[in-house]
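The values are calculated or read from the model by the stated rules, or taken from the named source; none is laboratory data. Just so we're clear, the structure is a prediction, and the values are computed from it rather than from any experiment. Glycine also receives a Cβ, built like all others from the backbone with ideal geometry; neighbour counts cover every protein chain displayed.
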2 protein chains.
Amino acid sequence: MTTPTQSPRSDTRARIIDVALELFAEHGYEKTSLREIADRLGVTKAALYYHFKTKDDIVRGIVEKMAAPLDDAIAFGEGKEWSPELRDELLRRFAAGMGERAPLLRFFHENQPALRESAAGLAFKDRMIKMITLLHGPEPTFRDRLRATVALTSVHSAMFLLKADPCMEPGARPAAGSPTLDEAMEAALEVALEVAARIEPSAH
Amino acid sequence: MTTPTQSPRSDTRARIIDVALELFAEHGYEKTSLREIADRLGVTKAALYYHFKTKDDIVRGIVEKMAAPLDDAIAFGEGKEWSPELRDELLRRFAAGMGERAPLLRFFHENQPALRESAAGLAFKDRMIKMITLLHGPEPTFRDRLRATVALTSVHSAMFLLKADPCMEPGARPAAGSPTLDEAMEAALEVALEVAARIEPSAH
DNA sequence: GTCTATAGTTTGATAGAC
DNA sequence: GTCTATCAAACTATAGAC
């Protein structure tokens, strides 16, 4: 067991990561200043620099803390022989893991320009590409790789729809009401499974 | 006919739009400074401000000039009664129009945080949502709206794949070589049609 | 571990000459 | 229509006291 005298696992560092991801996802990486993060936490900018060397280092912290479900899914799929069942199980694990970490996925998709020059951002992108590779299996066609990619992005698209204005026209009914996050994720997984179902690596 | 003495339709303004979109798509809106745009054009920042009132006004210029194919597709679909044939024709027009304007789509998808506070950005988003609505027709379920959204994003996903490193592992073959832009767009349309095919607005 | 204070840079935008 | 010169503001990051 851990020492009782030890503080609750560097609480501030964890809080910085949480607040930063929240702001990065909502307002974007570039538009979120360290001052905003510090203010929301009730500390000063300098305090942030005690825990993280640079702004980009916070991104590193975010990815390291939040990408665990993605790594788990990759570890589960890696080494196994490809099969339709494996493919579907990977999608289920991805949807379950990322659905609970919606801000991370949003941050990744909507801040590509900032993440493109970030080591941590590229590391996350590599994980996504690895996930795509596991999904389509060996000797894929371009269409197979595209289907795998589209399947993964359907989770993000579902979130986009949730955020988008539900009532768009005065005449149109608000499309079966606003679904909950869980319902949206369920729909995302269903569509993802549909798209991925036509992946057939042996038919090259 | 237009006056012969008139200059070639304000060449500089058009060049600013082209260069700005190119840089915005490649390096992102926030990371692209007006100095960079001016330098590449061989002018100064002040010259930019003669043609555009603010940086965001350049975005407005981009959308107004480049979103024409999208408006055409919307105009084509609006007022018509929904049918599977209309749905597919809309997807074909969208893919054809946006495939030729790949940077615009990339700019839109990868710079949401910046565009979220931009009037021009919101106008483009409205067009996309309108396109989604035309695709799924009346009384959609959330799944239908999601399928319509995913179908539209497949064009962007195809471009993501094209940019992503083709050779990912030492052992893996580079997935049927690097396809051309046209081949990628053809694949994107095929996947989009697949995804949209299960939209059935009457089965609510 | 957190603070004050500030260095040092870059940015978007403006004024006015030509 | 393009230039030079400049502004105020905002940012990341650092130094050093407590």
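Quick rundown of the values:
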{"item": "Among the candidates B:57, B:88, residue that is farther than 17 Å from residue B:24 by Cβ, in a helix (DSSP H, G or I) and not β-branched (Val, Ile, Thr)", "result": "B:88"}
{"item": "Condition met for residue B:107 (within 16 Å of DNA strand C (Cβ to nearest atom), assigned by TED's automatic domain parsing to the domain that holds residue B:138 and aromatic (Phe, Trp, Tyr))", "result": "yes"}
{"item": "Tally, over the range A:149-163, of residues that are touching a Leu at 6+ places or on another chain (Cβ under 8 Å) and either closer than 13 Å to residue B:192 by Cα or at the interface with chain B (Cβ under 8 Å from one of its Cβ atoms) (or both)", "result": "6"}
{"item": "Where residue A:54 falls short, out of the listed (1) away from DNA strand C (no atom under 16 Å from the Cβ); (2) more than 14 Å from chain B (Cβ to nearest Cβ); (3) not small (Gly, Ala, Ser)", "result": "(1)"}
{"item": "Residue in the range B:23-42 that is more than 14 Å from chain A (Cβ to nearest Cβ) and closer than 30 Å to residue B:197 by Cβ present", "result": "no"}
{"item": "Verdict on residue A:10 being small (Gly, Ala, Ser), within 13 Å of DNA strand C (Cβ to nearest atom) and closer than 29 Å to residue B:108 by Cβ", "result": "no"}
{"item": "Test: residue in the range A:62-73 that is within 16 Å of DNA strand D (Cβ to nearest atom) and on the phi < 0 side of the Ramachandran plot", "result": "yes"}
{"item": "Complete set of residues in the range A:97-141 that are of a type in the set (Gly, Ala, Ser) and in contact (Cβ under 8 Å) with a residue 60 or more places away in the chain", "result": "A:99, A:102, A:114, A:118, A:119, A:120, A:121, A:123, A:137"}
{"item": "Hits in the range A:82-108 - residues which are buried (at least 23 other Cβ atoms within 10 Å of the Cβ) and touching an Asp or Glu at 6+ places or on another chain (Cβ under 8 Å)", "result": "none"}
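Condition check ((1) of a type outside the set (Ser, Thr, Tyr); (2) facing chain A (nearest Cβ under 7 Å); (3) in contact with a His (Cβ under 9 Å, 6 or more places away or on another chain)) across all residues:
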{"position": "B:97", "(1), (2), (3)": "yes, no, no"}
{"position": "B:107", "(1), (2), (3)": "yes, no, no"}
{"position": "B:111", "(1), (2), (3)": "yes, yes, no"}
{"position": "B:117", "(1), (2), (3)": "yes, no, yes"}
{"position": "B:136", "(1), (2), (3)": "yes, no, no"}
{"position": "B:145", "(1), (2), (3)": "yes, yes, yes"}
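Each row is one residue, and each column tells you yes or no for (1) on the phi < 0 side of the Ramachandran plot; (2) at pLDDT 95 or above; (3) surrounded by fewer than 22 Cβ atoms within 10 Å (Cβ to Cβ).
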position: A:172; (1), (2), (3): yes, no, yes
position: A:176; (1), (2), (3): no, no, yes
position: A:191; (1), (2), (3): yes, yes, no
position: A:196; (1), (2), (3): yes, yes, no
